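The next block holds one structure in the form of structure tokens; read it before the comments.
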Amino acid sequence: MGTVEVQPVNSNFMRPFKTVTIRFGKPMRMDGVVNPDDPMEGHDHTQCRAFTDQLMREIARLSEREYVDDYVPSRSAAQAA
């Protein structure tokens, strides 16, 4: 937290001597792959998405920001729209 004060958005110059806070959470891990030679074997997209959501909630908590459950659409979905 505090990085915007050090270098505001669209600014080419840093503003030194500002305070930046870095927080570390507990390590998080997904379950390992079934077959290291074929990582997509047994792949469960819903498990990946659930882990991503959990990770993003933890980042929101650590950064004291609101969790926003909104994903950037894939390129193919964006092109179709």
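The values are calculated or read from the model by the stated rules, or taken from the named source; none is laboratory data. Quick caveat, the model's predicted, so the values are computed rather than measured. Positions of Cβ are generated from backbone atoms using ideal geometry, with glycine treated the same way; all protein chains shown enter the neighbour counts. The accessibility values were calculated without ligands, DNA or RNA, using every heavy atom of the protein model including side chains. Shrake-Rupley method; radii C 1.70, N 1.55, O 1.52, S 1.80 Å.
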Sum up the charges of everything whose Cβ sits under 13 Å from the Cβ of M30, counting Lys and Arg as +1 and Asp and Glu as -1, but leave M30 out. -1
Crossing angle, helix 45-62 versus the chain [Cα axis fit, 0-90 degrees, rounded to tens]: 20 degrees
Share of the chain's accessible area from carbon and sulfur, percent, 1.4 Å? 54 percent
Per residue, how much accessible surface does the chain expose to a 1.4 Å probe? Answer in Å², no decimals. 94 Å²
What helix-only [θ] at 222 nm does the chain give? Using -39500 (n - 2.57) per DSSP H run of at least 4, over all residues, to the nearest 500, the answer is -10000 deg cm²/dmol
Among P36, P16, P73 the positive-end extreme of the charge dipole of the chain (Cβ point charges): P16
Size of the dipole of the chain about the Cα centre, Lys and Arg at +1 and Asp and Glu at -1 on the beta carbon, nothing else charged, in debye to 20? 580 debye
Inter-site label distance for A60 and D44 at 7 Å from Cα along Cβ, in nm: 2.3 nm
Using C-alpha positions alone, give me the convex hull volume of the chain per residue in cubic angstrom. 195 Å³
Long-range tail of P(r) for the stretch 1-40 (Cα pairs > 17 Å, %): 59 percent
Where does the charge balance sit around S63 when Lys and Arg score +1, Asp and Glu -1, over other residues with C-beta under 14 Å from its C-beta? +1
Run the numbers on the chain and let me know its relative contact order in percent, using alpha-carbon pairs under 8 Å that are six or more apart. 20 percent
